[in-house]
1. Taking the stretch 143-171 as the region of interest, how many residues are crowded, with 17+ Cβ neighbours inside 10 Å and within 15 Å of the ligand (Cβ to nearest atom)?
2. Would you pick out the residues in the stretch 193-224 that are surrounded by 24 or more Cβ atoms within 10 Å (Cβ to Cβ) and not hydroxyl-bearing (Ser, Thr, Tyr)?
3. Do we find a residue being at pLDDT below 95 and in contact with a His (Cβ under 6 Å, 6 or more places away or on another chain) anywhere in the stretch 28-41?
4. Which of (1) touching a Pro at 6+ places or on another chain (Cβ under 7 Å); (2) modelled with pLDDT of 90 or more is the odd one out, the single condition Tyr112 does not satisfy?
5. Between a first residue in the stretch 162-186 that is within 14 Å of Asp145 (Cα to Cα) and a second residue that is of a type in the set (D, E, K, R) and in a helix (DSSP H, G or I), which pairs have beta carbons less than 8 Å apart while being 6 or more apart in sequence or on different chains?
6. Using the structure shown, decide if His20 is part of a loop (DSSP other than H, G, I, E, B) and under 17 Å from the mean Cα position of the chain (by Cα).
7. Every residue in the stretch 148-171 that is assigned to a helix (DSSP H, G or I) and in contact with a Lys or Arg (Cβ under 6 Å, 6 or more places away or on another chain), please.
Amino acid sequence: MATSPYGGPLISLDGAVDLHCHPYPDLFPRLADDIEIALAARDAGMRALVLKCHHESTVSRAYLVQRMVPGIRVFGGVVLNSYVGGINPAAVEAALRLGGKEVWMPTVDAGYHAQVHGGTGGYDAQQGGRRQAVTHPFFRVPNLDLDTVEEVARLGAMPEFGYCTVSPAWQYAAPEKIVAAVGRVGASRCLLVSDTGQRHNPMPSEALRVFAQTVFEKGVSEQDVVTMISRNPYDLLDLDSADAPPRPVDLAWAARLNADPCLAPAAGPTPAPQPQ
Ligand SMILES: [Zn+2]
């Protein structure tokens, strides 16, 4: 446990992972871009980030950021909104084979989102694996109750609580509700993320630190906080094997994609030479 030079215990972000942040480029206004957010997270001592965008895959963005910002692992994923054809298995396969780490179910284009926010493609206040995670269960959507959160965790999903939900601008839940849910479900089944990038919130690394410190000061042990910001995300991202080279089956798949069937020689017997 680190200690503030001005007194009191401090939760450290050393080795922490943010599975959910929202950089620019985006159709919504954002606080900072991919590279600025990655630099801030690296300088805060974090080990990995997952970039999320409601309107495009972040897999290739993450690859390029990774090349430019050494010292932290940067991953992307795809949200199954209308821009990729909704629930589209081909988009999922391509994203994962290209190195994506997360596939999110529809967000701003989901039916329940339209019911709550009056339409798809934006928010009323902001126009614009091996386990499953239940993203921000206490956000305005899906706004699950504690019993339902406990039930989905029992069925194998991991509640992913975000600072964004308790942020001053939106206040969809109090930190005490998050603490109660962690107590019911157990830290080994929960995740803490920033879910920030909005202009009214701190940078994702600082939002995650504030959120982790708040949950700690509200009664969750340091060990459990570290489990939720480090150990569980490591397992979900399979970080210990993230540096493994691509599998032969993936390389073969990519080679087939790159081959232009119009230029490939036609199968069958070689034609007889023609007179000049
Ligand atoms: Zn989000």
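The values are calculated or read from the model by the stated rules, or taken from the named source; none is laboratory data. Keep in mind that this is a model prediction, so the values were computed, not measured. A quick note on method: Cβ atoms are made from the backbone with ideal geometry, for glycine too, and the neighbour counts reach across all protein chains shown.
1. Residues that pass the stated criteria total 10.
2. Answer for the stretch 193-224, where residues must be surrounded by 24 or more Cβ atoms within 10 Å (Cβ to Cβ) and not hydroxyl-bearing (Ser, Thr, Tyr): Val193, Asp195, Gly197, Pro204, Ala207, Leu208, Phe211, Ala212, Val215.
3. No - not one qualifying residue is present in the stretch 28-41.
4. Every listed condition holds for Tyr112 apart from (2).
5. From the stretch 162-186, the pairs are Ala181/Glu150; Val182/Asp224; Arg184/Glu150; Val185/Glu150.
6. In short, no.
7. Of everything in the stretch 148-171, those that are assigned to a helix (DSSP H, G or I) and in contact with a Lys or Arg (Cβ under 6 Å, 6 or more places away or on another chain) turn out to be Glu150, Ala153.
Per-residue answers, yes or no, for (1) part of a loop (DSSP other than H, G, I, E, B); (2) of a type in the set (Phe, Trp, Tyr); (3) under 17 Å from the mean Cα position of the chain (by Cα):
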{"site": "His54", "(1), (2), (3)": "yes, no, yes"}
{"site": "Ser57", "(1), (2), (3)": "yes, no, yes"}
{"site": "Tyr63", "(1), (2), (3)": "no, yes, yes"}
{"site": "Pro70", "(1), (2), (3)": "yes, no, no"}
{"site": "Val78", "(1), (2), (3)": "no, no, yes"}
{"site": "Tyr83", "(1), (2), (3)": "no, yes, no"}
{"site": "Ile87", "(1), (2), (3)": "yes, no, no"}
{"site": "Val92", "(1), (2), (3)": "no, no, yes"}
